[in-house]
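Structure first, commentary second.
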Amino acid sequence: MKKLLLLLFAFLLLGNAFAQHFFDTDFNPRKKYIILCDPTVNHIKTIKYLADNNILKLNKNKVKFVAVYYQGQKTDYTETQNYINENKLENFYLHEITGELNETNLYRENAVTHQLKKVFDNSIGVIFFGGADIPPTIYGEENTKSGVYTPARHYYEATFMFHLLGGYQNESFKPFLAERPDYVVTGFCLGMQTMNVATGGTLIQDIPAEIYKAETPEETVAIGRANMHRNYWQLIGEDSLFMGINLHTIQFTDNPFFGETIKTSKKATPRIYSSHHQAIEKLGKGLEVTCLSPDGKIIEGVTHSTYPHVFAVQFHPEVSALYENMELKIFHPDDEPATYHDILGKSSVKFHKNYWKHISKSFKDVKKPK
C-alpha cells in the first residue's frame, strides 16, 4: 500500500512537470493548438468565457490552448496550473520557455529561438494580451513616462513577436511566418504595442503629456472625454463607482481591414473599451493603420501588409463585461451609473462580436502544421 501511494505521488509530480512543458510531451499532433501569452488565471478565464459563450467560435474537440510563458516572468503560473487542474479544463495546457533574454539579444537568434520555433511549428496562432508598459530601451529610447514593472515578460514577448514577423532592427532575419504566412498573430492593447515595437516601431510614452501637453489629472480631463484613453476622473474624485477605463468611439481608415475583411460600414464609429496611456508612434515594418481615435491622433488598430492573419487593436474586445450586463459604473462625476454593456449599445456589441468572428475564422483558415 505504501509503495502504491509513493507511485501515485510520483505520478502526480510528473504530471505537473509535464504540464509546464507541453510541447516536450507526447502531445496529440492531430489537434490544433492556439498559443496564449501571459497565461494568468484571469486570461484563462477570459478565453474560457469567450469560448463558452460562442463569441470565440472554435471546435472544442479539435482546438486546444497552450499557455506559453517565460521562466523569468514575475507572475507565479503555478496558480494558473492549479486553476486548470481544479476546474478540470481539458483544453488548456502550460509550456515554459527558458534561456537568457536581455535588452541586447531580442532581435536575432538567441537562447530561446529553438524553443519558439518548436512552439510555432506545432501551433496555428498566438494571442498577446494587455499589460504594463514596455521598457523604452528595447525600442531605442530613454524612459521618460513609462512604468516598467514586468521587463522579463516584455523581453520574451518582444523576441517572440520578432521571431514571428521580423523587423527593421534586423532585416536579414527570416521570420517564422515566411514559412507559414497563414499563421495567426493577434493582440490587444499591449499586444498591439508589442507587435509594433518588435517590428521596429516606437511608442508615445504618455498620451496626455506628449500629445495634449496635459501633465496633471485636472489638465487631462480638460481635453474632453472623447480624447481620454483611460479615466483620469478617478484620480480627482472619490466615488467608488468610477470606472478606470474609457468607452470612447473609433473611426476607420481607408485600409480595407474594417469594411471589407471585417464587414462593417466605413462610416460607423463603434464604441470600444480603452485602458492605456501609451500608443504607437512610428509604425513597425509591414504594419498598416486600420482605425484611429476620434480626433485621429492615436492609432487604434493595425494589420500586416504581407501576412493576412496578422492584426491587432489598441482596445480590449476580450472583456466579458462588454457582452452582458455586470457592474454599474460611471466615467464622469455627473454620470448615471450604467454597465459597460449598456453604454456600448447594440451596434457596438455587434461590432465586437464581428471582430471575434474574424479572429475565429482566421484560426479556422490556418492549415495544420505538417
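Quick look at the values:
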{"quantity": "Segments 184-190, 136-142, 150-156 sorted - mean Cβ within 10 Å per residue, highest first", "calculated": "184-190, 150-156, 136-142"}
{"quantity": "Entry for volume of the Cα convex hull per residue in Å³ (calculated from the structure that is shown) out of [x] 130; [y] 140; [z] 151", "calculated": "[z]"}
{"quantity": "Given LYS32/LYS74; LYS57/LYS368; LYS118/LYS285; LYS45/LYS353, the pairs whose alpha carbons are separated by over 20 Å", "calculated": "LYS32/LYS74; LYS118/LYS285"}
{"quantity": "Coil-residue trypsin sites (Lys or Arg not before Pro) of the stretch 221-327, DSSP, other Cβ within 10 Å capped at 11", "calculated": "LYS267"}
{"quantity": "Chain lengthening between LYS62 and LEU235 when straightened (0.36 nm per residue, less Cα-Cα)", "calculated": "57.6 nm"}
{"quantity": "Label point at GLU215 placed 7 Å out along Cα→Cβ; residues across the stretch 131-170 whose backbone nitrogen lies under 17 Å", "calculated": "144-146"}
{"quantity": "Gain on full stretching of the segment that runs from ASN53 to ASP334 - 0.36 nm per residue minus C-alpha separation", "calculated": "97.8 nm"}
{"quantity": "Loop GluC sites (Glu not before Pro), the stretch 313-342, which have at most 15 other Cβ atoms in a 10 Å radius of their Cβ (DSSP)", "calculated": "GLU324, GLU327"}
{"quantity": "Listed peptides 123-129, 351-357 by packing density, highest first (mean Cβ within 10 Å)", "calculated": "123-129, 351-357"}
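Only the coordinates and a few stated rules stand behind these numbers; no lab work does. Keep in mind the model is a prediction, meaning the values are calculated, not measured. Heads up, the Cβs are rebuilt from the backbone with ideal geometry, glycines too, and the neighbour counts pull from every protein chain shown.
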